[in-house]
Amino acid sequence: MPDTGTSDAFVAFERVQKSYDGETLVVKDLNLNMPKGEFLTMLGPSGSGKTTCLMMLAGFETATHGEIKLDGVSINNIPPHKRGIGMVFQNYALFPHMTVAENLSFPLEVRKIGKSEREKKVMRALDMVEMGAFGGRRPAQLSGGQQQRIALARALVFEPELVLMDEPLGALDKQLREKMQFEITDLAHRLGITVVYVTHDQTEALTMSDRVAVFDDGRIQQLAPPDELYEAPQNSFVAQFIGENNTLEGVVKEISGSRCTVQLDGGEVIDAMPVNVSKVGERTRVSIRPERVEVNPDLGEGAHTLKAKVKEFIYMGDIFRTRLSVAGNEDFIIKTRNRPDQVRLSPGDEVTIGWLPEDCRALDAQ
Amino acid sequence: MSDATGPDTFDGPTPDNALRQAKKTSGPMLAADGTPLKKSLSRALRRQKMRALMLIAPLLLFVLVTFIAPIADMLFRSVENQIVSETLPLTTEELGNWDGQGMPPEAAFEAAYYDIFLAAERKQHTRLGTRLNYELTGASSLFRKSGRGLDDIGEVYQDQFEDLDENWDEALPWLELMGDPDWLAEQQEWAADEDGRQPRFELRDGIEEILPTTAREFAAFARFQQVEDQKNLLEEEPWSAVHTALYTDLAAGDMSSYSGPRADMLQAADALVASPEFETVSFLDGFEEIDEDWMEPPIWQTIKLYSPNYTSGYFLNSVDMQLTPEGAEARPDNERIYMLLFKRTLFMSMVITFSCILLGYPVAYILSNLPMRSANLLMILVLLPFWTSLLVRTSAWKVMLQQQGVINDVLVWIGLVADDSRLTMINNQFGTIVAMTHILLPFMILPMYSVMSTIPPSYVRAAKSLGATNWTTFWRVYFPQSIPGIGAGSILVFILSIGYYITPEIVGGTTGTFISNRIAYHISSSLNWGLAAALGTILLAVVLILYWAYDRIVGIDNVKLG
Ligand SMILES: Nc1ncnc2c1ncn2[C@@H]1O[C@H](COP(=O)(O)OP(=O)(O)O)[C@@H](O)[C@H]1O
Ligand SMILES: [Mg+2]
């Protein structure tokens, strides 16, 4: 697993485990290092333990095993209110009996900051999220997006170095969500804060983060920058979870360096890049991104071609999405750009498809 | 958390909006069948409303009959006072001309004679006595005595007239003298088989001018016999008040020119009255004979004060005041009790409410933070008291708290208290507060619990993540949001306890009883319902005022039951 090295890690999970009921581990052996200023997203399906990790970092859950360090110091025994970590909750958790300004002032009051200083900071934080005129309102008088901004401002007003956000945009509609995604990353980079962001929305994760930790089954499946995650998934789960993906099942026939041959279940033999296979005879799942597949290819040396039959053609405006039957896989998707010279296939057509061996990754069979 | 939509931004085609719309447009909009839209719409709505009304009708009726009507009746009883003016109509009229100073004129005695005589025949004088006894001790026995004693006055005249002529003690001659001849004929016809309704007695034309008092009293006699006693008038000899009235009329007027029926009989009687041997009794002497108290102003003043149909007397009594000829004034110290009881009731209810908050809050908090299964278990424990009878629970406290009871025994056993100085924890305020706190606790816990369980745990987490200590988190974030529960619970407990009866009755002794115990006493023992009603009305008013105050201070929308 790629690490940034413990020395300059700002946040560090070391062999952390968590069980709620003493029977099953919700988080299994979590290791994670974050440098200062990083925007890291925990991405994974519901129930994969993302919130649990965040809660352990915030101090609301204790790790059953292992150590969590903040700036080099173990915080396992520090109560939440002394950790100085800002937090944004999914339902915003704005105190309904206080006005917006009082909500923002709250963390400053408990830190015993003087009144004038407090007012200045509250004003600055409100301006930062462009909500300067709303200080006197109650949270219930704000729209969802406005509440979300206030929650953000409240988590930032006391200038924490680390901010945790648990699906903060989950309750917003798509347009607002995209706008807020941009605003949050922009703010985070401007303020230079370190952010741990939890989401189950992969687009959100890919567009916002410096690095993404893909969670499944209580483990980090892959921790990488968005492009690497998309282009070089380390295992089948990541390949499936991030973006669209075509898989073909088969057995490894031969491995030599950065090439291997795989005999598909239908008998065809293709070249692939060995990623998660170690020995000949192992079952594998080959993964190819839909946009890397060419129809009637002219790919030159090393490329492999397969016969395919068109099942469905979907016109989507900017792209065409075609469903094919390839080597026994009825749901083989290809995406082609809408260009004047692009052929539009129709169901029943028999075509040849192909791809570069580098785009075809032999992963674990799961 | 909701989006910020105002309350009335719904502008879709709802019936209400359609009505509003219809109002705005100048000409009436027409429905498909040509009737104005507004009309057909309101007709449709009316049908809906009727259906809704029919659904709630049984409950409405039930509430009306069992709740609203009794309350209205109670409110009415607290001021109602017709009994005096109904029982003593002549007297109250006479006393109306009296200034209330010294003794009333002789005419008042005369009026009282006729009134009380009739009341005694109708057996209502004791009721009136009881009523006046609330205001003046001794009135009850005075009226009881008078009912019997007044006969002595009338018999003096009755005997003399009878000695003169036997006919004065016979029914028929009287009826011929006083009654309308047509009526008498009808009456005799009816008397033959006593079938159907007895013809109502009618005075003879002109008799009222000749014998005004006698006519009045004979009519009263006849009405009583016919209507209330259902007797055949032809067989009833008049009572002595009629003879007294006859004497009064004969003494005042001259019968020599009278030529109607029984003229000789009447003229003979007139001559007898004029003769010096005729024995008379003044009404004043008659009353003095019955009881010296009639010769003192208080009884007359009381009758005068309570002659109006409606009185503030009960309410004044409820706040330890009384009606006097000089206006309302405070009662003497040794007769004051109700203000003390009201204050005690309010004070103890507050103490009980407060102890319920103190004891209930932590329980509700734990309940709302426990996982479902353990919360349910604990909830059963909270509700357990509801499964045992109120009497059993209260009696259990008696066993626990009495001097030879469990708690004292334990205290003595561990040596905290000496055996000869056992604590008095029952039959006083302490006992009432303990028992009632226990009994009312669930009413505090339940609303608190239902409010607390709606407070998301994320608020507490948010506060802590913002740097608040446990205490600050509780006090600044959790507690304010739980106030609606405290409010609802407090209102419930306070209102329940302010009118509580059974527990203070059993464990309250003398220092721990509530105003409701006094109300119950007046309802069932002293039978002074008017006073009980006034006390109850004040209690109701206090509750409403407190409710209003609560609304002003905390706001009633701040009360939630979940
Ligand atoms: N307080 C808790 N008590 C018991 N189990 C819990 C608790 N919180 C979460 N879990 C379980 O832990 C697992 C991971 O939950 P969570 O961290 O919330 O996942 P995610 O946030 O990725 O959806 C889930 O199976 C969930 O049921
Ligand atoms: Mg979660």
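Every number here is computed from the coordinates shown, using simple stated rules; none is lab data. Model, not experiment: these values are computed from the prediction. Cβ coordinates were reconstructed from backbone atoms using ideal geometry, including for glycine residues, and neighbour counts include every protein chain displayed.
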Dipole of chain B, positive end: most advanced residue of B:Thr130, B:Met348, B:Gln158 [Cβ charges, Cα centre]: B:Met348
Low-density loop positions, trypsin sites (Lys or Arg not before Pro), segment A:221-305 - DSSP coil, at most 12 other Cβ in 10 Å: A:Lys279
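First obtain the Kirkwood hydrodynamic radius of chain A from its Cα pairs, then insert it into the Stokes-Einstein equation at 10 °C and 1.306 mPa s, and state the resulting D in µm² per second as a whole number.
On the way: Rh = 23.1 Å.
Translational D for this selection: 69 µm²/s.
Could you size up the charge dipole of segment B:272-387 around its Cα centre, putting +1 on the beta carbon of Lys and Arg and -1 on that of Asp and Glu, and report it in debye to the nearest 20?
Values: 6 positive and 14 negative charges, 404 e Å.
Using Cβ point charges on Lys, Arg, Asp and Glu, segment B:272-387 gives about 1940 debye.
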Dipole moment magnitude, nearest 20 debye, the protein assembly as shown about Cα centre, only Lys, Arg, Asp, Glu C-beta charged: 8820 debye
Distance from segment B:315-335 to segment B:442-485 (C-alpha centre basis), Å: 50 Å
Exposure proxy ranking, count of Cβ atoms within 10 Å, fewest first, for B:Leu59, B:Leu45, A:Leu172: B:Leu59, B:Leu45, A:Leu172
Sequence of A:Val27, B:Val84 once ranked by neighbouring C-beta atoms within 10 Å, starting from the fewest: B:Val84, A:Val27
Calculated FRET efficiency for the pair B:Ser524/B:Glu335, C-beta based, R₀ 22 Å, to 0.05: 0.50
B:Ser256 paired with B:Asp73, simple spin-label distance in nm, labels 7 Å along Cα-to-beta-carbon: 6.2 nm
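Can you give the mean number of other chain Cβ atoms that lie within 10 Å of the Cβ atoms in peptide B:263-274?
Values: counts 0, 0, 0, 0, 0, 0, 0, 0, 0, 0, 0, 0.
Counting other chains' Cβ atoms within 10 Å and averaging over B:263-274 gives 0.
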Dipole of chain B, positive direction: furthest Cα of B:Leu203, B:Met265, B:Met339, with charges on the beta-carbon: B:Met339
Rounded D (µm²/s) - segment B:438-562, Kirkwood Rh over Cα pairs, Stokes-Einstein at 10 °C, 1.306 mPa s: 93 µm²/s
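Work out, step by step, the length gained on full extension between B:Ile380 and B:Lys398: first 0.36 nm times the residue separation, then minus their alpha carbon distance; give nm to one decimal.
Details: separation 18, 0.36 × 18 = 6.48 nm, distance 2.43 nm.
Gain on extension, B:Ile380 to B:Lys398, equals 4.0 nm.
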Ascending count of other beta-carbon atoms within 10 Å, so fewest first, for B:Glu335, A:Glu294: B:Glu335, A:Glu294
Quotient of C-alpha Rg and 2.2 N^0.38 Å, computed over segment A:1-139: 1.25
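What is the average number of partner chain Cβ atoms found within 10 Å of a Cβ in A:86-96?
The shielding value for this peptide is 5.
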Computed helical MRE - 222 nm, the protein assembly as shown, DSSP H runs ≥ 4 contributing -39500 (n - 2.57), nearest 500: -15000 deg cm²/dmol
Dipole moment magnitude, nearest 20 debye, chain B about Cα centre, only Lys, Arg, Asp, Glu C-beta charged: 8180 debye
Listed residue pairs exceeding 26 Å between alpha carbons, taken from A:Lys36/A:Lys121; A:Lys309/A:Lys335; A:Lys121/A:Lys174; A:Lys82/A:Lys174: A:Lys121/A:Lys174; A:Lys82/A:Lys174
Antiparallel content of DSSP bridges confined to the protein assembly as shown, in %, to 5: 75 percent
Tail beyond 25 Å, pair distance distribution of segment B:338-558 (Cα, percent): 51 percent
Residue (of B:Ile486, B:Pro371, B:Phe315) at the positive-pole extreme of the protein assembly as shown, dipole from beta-carbon charges: B:Pro371
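Can you give the mean number of other chain Cβ atoms that lie within 10 Å of the Cβ atoms in peptide A:105-111?
Working: counts 0, 8, 6, 2, 5, 9, 3.
The shielding value for this peptide is 5.
If packing is taken as the mean number of other Cβ atoms within 10 Å per residue, what is the order of B:248-256, B:540-548, highest first? Walk me through the numbers before you get to the answer.
Numbers: B:248-256: 16.1, B:540-548: 13.0.
Those peptides, ordered most packed to least, come out B:248-256, B:540-548.
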R0 of 60 Å, Cβ-Cβ distance B:Lys145-B:Leu416: FRET efficiency to nearest 0.05: 0.50
Estimated inter-spin distance, A:Asp217 and B:Asp205, nm [label 7 Å along Cα→Cβ]: 12.1 nm
Relative contact order (%) - segment A:1-94, alpha-carbon pairs under 8 angstrom, separation at least six: 30 percent
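For chain A, what relative contact order do you get, as a whole percent, if you take Cα pairs closer than 8 Å and at least 6 residues apart?
Details: 768 pairs, mean separation 54.7, N = 366.
Result for chain A is 15 percent.
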For peptides B:141-153, B:46-58, sequence by mean Cβ density within 10 Å, most packed first: B:141-153, B:46-58
Gain on full stretching of the segment that runs from B:Asp33 to B:Asn369 - 0.36 nm per residue minus C-alpha separation: 114.9 nm
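Using Stokes-Einstein with the Kirkwood hydrodynamic radius over Cα pairs, what translational diffusion coefficient do you get for chain B at 37 °C and a viscosity of 0.692 mPa s, in µm²/s rounded to a whole number?
Working: Rh = 31.2 Å.
Answer, rounded: 105 µm²/s.
Starting from the exponent 0.38 and prefactor 2.2 Å, build the expected Rg for segment A:113-220 from its residue count and divide its actual Cα Rg by it.
Numbers: Rg = 14.9 Å, N = 108, 2.2 N^0.38 = 13.0 Å.
For segment A:113-220, the normalised Cα radius of gyration is 1.15.
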Part-to-part distance (alpha-carbon centres) for segment B:245-283 and segment A:317-335, which is given in Å: 133 Å
Whole-Å semi-axes of the ellipsoid equivalent to segment B:173-282 (Cα gyration tensor, √5λ, descending): 27, 15, 11
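Quick check on the protein assembly as shown: what does the Kirkwood estimate of hydrodynamic radius come out to from the alpha carbon pairs, in Å? Don't skip to the answer; put the middle values down first.
Details: mean 1/r = 0.0257 Å⁻¹.
Averaging 1/r across every pair of different Cα atoms and inverting gives 38.9 Å.
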GluC sites (Glu not before Pro) restricted to segment B:193-222 and DSSP loop, no more than 13 other C-beta within 10 Å: B:Glu194
Cα Rg, Dmax (largest Cα-Cα span) when computed across segment A:244-363, Å: 14.3, 45
B:Leu45 paired with A:Ser46, simple spin-label distance in nm, labels 7 Å along Cα-to-beta-carbon: 4.2 nm
